Each structure stands twice: as C-alpha cells, then as structure tokens.
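Student: The structure under discussion is supplied below as structure tokens; questions concerning it will follow.
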Amino acid sequence: LEAWATGHPQRLASWTAMPFLAVPMATITRLASEETAARFFMAANVMLWAALLMVVWGRLDGRLPSRWWWGSLVAAAVFAPAIATIFWLQFNLIVFVLALGGFVLIGRHGGWAALLIGLSIALKPILVLLPLVLLIRARSRWVGVWSIAVAGGLSIAGLVFLAWRASDLSLINPMLYFAEFLNKGGGAMFGCVPENYSPAALLCRLGLPTSAAIDFSLAACVLVIAWLLARGVPETNEPNWQVFAAACLLSPMLGPIEWLSYWVLSAPLLLLLVYEFWSRHAPARLWIGLAVAYALMELVWDPLESLARTPVPIVVVSYTIGQFAQYVLLLVWVRWLLLRRTKPVFSTVPAVPAV
C-alpha cells in the first residue's frame, strides 16, 4: 500500500526489501484486498512447496532405499524454515524456485538461466552469492555476468517505479535506498534481536556493537568461504549441486539480517549430504553432526509457537540455540569435503543424481 500510495515503502520500519519487490507488491494491492491477497499467497506457497517436494523426490525415487526416501521426504515436509516461510507470507520459496530453475538451465539455455537468476535476486537477494559463484567458474561465467545485469536492470526499474509514485526523481539514486537498508539492518529493531540469525547479530548479542567495519569483515569471510567451496568443485558441462548448495547456505550470512525463514535455502545442502552420506557410507560422527544441524533448525516453529502462546522464555531460548544450526551444518560439510579429498572412494554408488 505504501509503495503505491507514496512511493516510499522504505519508510515502513519492517520494509527491508529490494526496490523491485515494490512493483509486484503494489500491483497486488490494486487487484485484491489485503486479506484475500494473503490467503492466495499462502495457498500459492503451500502448492509451490508441495510441487517442489514432488519433483525432487520423484527424481530420487529408485535411487534411495524406501526407508531413506520416505524418511527424508517427511523431514522435508515438516522443515521448520519452510513452514515459517509459508506462514509469514514470504517470497523466499518463489525466489528459491526461480534461482533453482535458472541453475538447472545453465549449459542448456544460458539466457533463460540468467533471466531467472537475475529475477530472483531483484525480488529478494537471499541468494545473492549465486551469480558470484557462477562468475568464478569458467563454464558459467557468462550466466553470472548476465544475471547480475538483469538484477541491476530490474532494481533500477523498481526505483523508477517508486520515483513515479512519489513524484520525486531523486529516488532513482540507488545509494539512498540501500543506505537506508543497511541502517535498518544494524539498527535497534533488527540488529541484535534473537530472531536475527546473521553473524553480525550474533556478535552484537555477545556485546560487540554493530559497525560498518564488522559488517564488511564478516562479509569478506563469507565471500572467501564461498570462493574456496566453488573453486574446489571440478568444471563439468552439467550444473554442480555443490556450487548451488554453497550459494544457498552462505548467501543469508552475507547481510546484516537473516531470519529463520531464510534457512529454507539450506534444504539443498541437507538433501545433498543425506544422499552422499548414504551412497558413500559416511562415518557415524558426520551423520550425528547432520542430525544435530537439522534438529537445531527444527527448534523454532514461529509463528505457530506464537499462535500457540508458547512462553516467551522458551521461544527466546529456542532462537538462541537454533541460530548455531548453520555453523554446525557448514562444519559438517567442510569435514566431509576434507574426508572425501583424503579418501575419495567410499562406495561405487553415484554421489549425486543427474539434473
């Protein structure tokens, strides 16, 4: 409503989105009431998640034993970050599916791949590292360049839309918009709250005040980790799921704001590790680490916890403990990669299904 009425959605304390997202949001307010739009969007999210599970586990049918197939499907169906995305009416699933579709098309339809990935970034940059890791790899570099160009062009289009609604050409300046976003990320409303899982927020809760230097240092660390993971993957004609999983896991850590619902992006890595651990007979300690990471992600079922009137201390403790899931998952993955490097053959079963 604010985007259409004034062209200044960033005035809302809760608005931390990209400018292009204002275009579909404002359009929706012209087509339906808030209540109708919310119900439709929730239903669309549910159907999208169900369709995604059907497609992915359809590809896994016959590749996993029945008990593993059903067990992993049930675990995915009750994945807390996906539930949070659906009930909080987030665009995360839409953005994820767009990026996933673009990634699958790399090497086959590069133009469409760049368009889909760029559109996902322009709507919500929770997968912002995907174009960057594509740039690192020679076979996907062209797609990475054009996806960044698409995201930039759509973001400018969003700023033009907001300038039109506000009758103020100065809003086309992207620096003003993104400076306000960064200020919100480190502000009192988001910077240190338990619900914010970003590394910067963790340091803030430990007593280290937020600052630009800390944000840039953390971002640099995340970028280095992404670079190392992407560079360690052999170049092939087919998209490599390790590259996609790295972008999915690390992208939410890059910014000052990271909500539980963003962790729906960890699903590719969880599934990848389950399949590889089973097919290559991973040690029990790695299975335990993976189970711990998943269990930590399942600790928080907000907003269902709030609707059930769960005591606030329990919710706060759940958020406080649950935030470490991403670090546990990353450590398990790195340990697995190192183990595969020293002992490359664990089984004759293929590691990852073909795209």
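The values are calculated or read from the model by the stated rules, or taken from the named source; none is laboratory data. Everything numeric here is computed off the predicted structure, so don't read it as measured data. Quick reminder, even Gly has a Cβ in these numbers, built from the backbone with ideal geometry, and neighbours come from all protein chains shown.
Student: Arg309 is checked against (1) in a helix (DSSP H, G or I); (2) surrounded by fewer than 13 Cβ atoms within 10 Å (Cβ to Cβ); (3) at pLDDT below 95 and fails just one. What number does that condition carry?
Tutor: Every listed condition holds for Arg309 apart from (1).
Student: Residues of region 30-44 being basic (Lys, Arg) and either on the phi > 0 side of the Ramachandran plot or modelled with pLDDT under 90 (or both), which ones?
Tutor: Passing the criteria: only Arg30.
Student: Please determine, by comparing only the residues of region 136-184 that are not hydroxyl-bearing (Ser, Thr, Tyr) and not in a helix (DSSP H, G or I), which one is nearest to the chain's Cα centre (by Cα).
Tutor: Arg137
Student: State all residues of region 312-344 that are of a type in the set (Ser, Thr, Tyr), surrounded by 13 or more Cβ atoms within 10 Å (Cβ to Cβ) and without any contact (Cβ under 8 Å) to a residue 60 or more places away in the chain; if no residue qualifies, say none.
Tutor: Ser318, Tyr327
Student: OK, next. May I ask you to list the residues in region 126-149 that are surrounded by 21 or more Cβ atoms within 10 Å (Cβ to Cβ) and either closer than 17 Å to Gly255 by Cβ or among the β-branched types (Val, Ile, Thr) (or both)?
Tutor: Result: Ile126, Leu127, Leu129, Leu130, Pro131, Val133, Val143.
Student: Across region 70-99, which residue is nearest to the chain's Cα centre (by Cα) among those that are surrounded by fewer than 15 Cβ atoms within 10 Å (Cβ to Cβ) and over 30 Å from Ile28 (Cβ atoms)?
Tutor: Val74
Student: When you scan region 276-287, do you find a residue that is of a type in the set (S, T, N, Q) and touching a helix residue (DSSP H, G or I) at 6+ places or on another chain (Cβ under 7 Å), even just one?
Tutor: Within region 276-287 (the criterion being of a type in the set (S, T, N, Q) and touching a helix residue (DSSP H, G or I) at 6+ places or on another chain (Cβ under 7 Å)), the answer is no, since none of the residues qualifies.
Student: Just checking, which of Leu208, Leu228 is out of contact with any Cys (no Cβ under 8 Å at 6 or more places or on another chain), of a type outside the set (D, E, K, R), within 30 Å of Val316 (Cβ to Cβ) and free of Cβ contacts under 8 Å to residues at least 24 places away in the same chain?
Tutor: Leu208
For every residue, the table says whether it meets (1) in contact with a Pro (Cβ under 8 Å, 6 or more places away or on another chain); (2) free of Cβ contacts under 8 Å to residues at least 24 places away in the same chain; (3) surrounded by 13 or more Cβ atoms within 10 Å (Cβ to Cβ); (4) of a type in the set (Lys, Arg).
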| position | (1), (2), (3), (4) |
| --- | --- |
| Phe216 | no, yes, no, no |
| Ala219 | no, no, yes, no |
| Val243 | no, no, yes, no |
| Ala246 | no, no, yes, no |
| Ser261 | yes, no, yes, no |
| Pro268 | no, no, yes, no |
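Student: Looking at Val243, Val316, which one is in a helix (DSSP H, G or I), at pLDDT below 95, closer than 23 Å to Pro125 by Cα and of a type outside the set (D, E, K, R)?
Tutor: Matching residue, one of Val243, Val316: Val243.
Student: Tell me, please, whether a residue that is touching a Gly at 6+ places or on another chain (Cβ under 9 Å) and of a type outside the set (Val, Ile, Thr) can be found in region 239-247.
Tutor: Within region 239-247, one or more residues are touching a Gly at 6+ places or on another chain (Cβ under 9 Å) and of a type outside the set (Val, Ile, Thr).
Student: Can you run down the residue pairs with Cβ atoms below 9 Å, 6 or more apart or on separate chains, where the first is in region 95-110 and within 12 Å of Ser140 (Cα to Cα) and the partner is among the basic types (Lys, Arg)?
Tutor: Cβ pairs passing all conditions: Ile106/Arg139; Gly107/Arg139.
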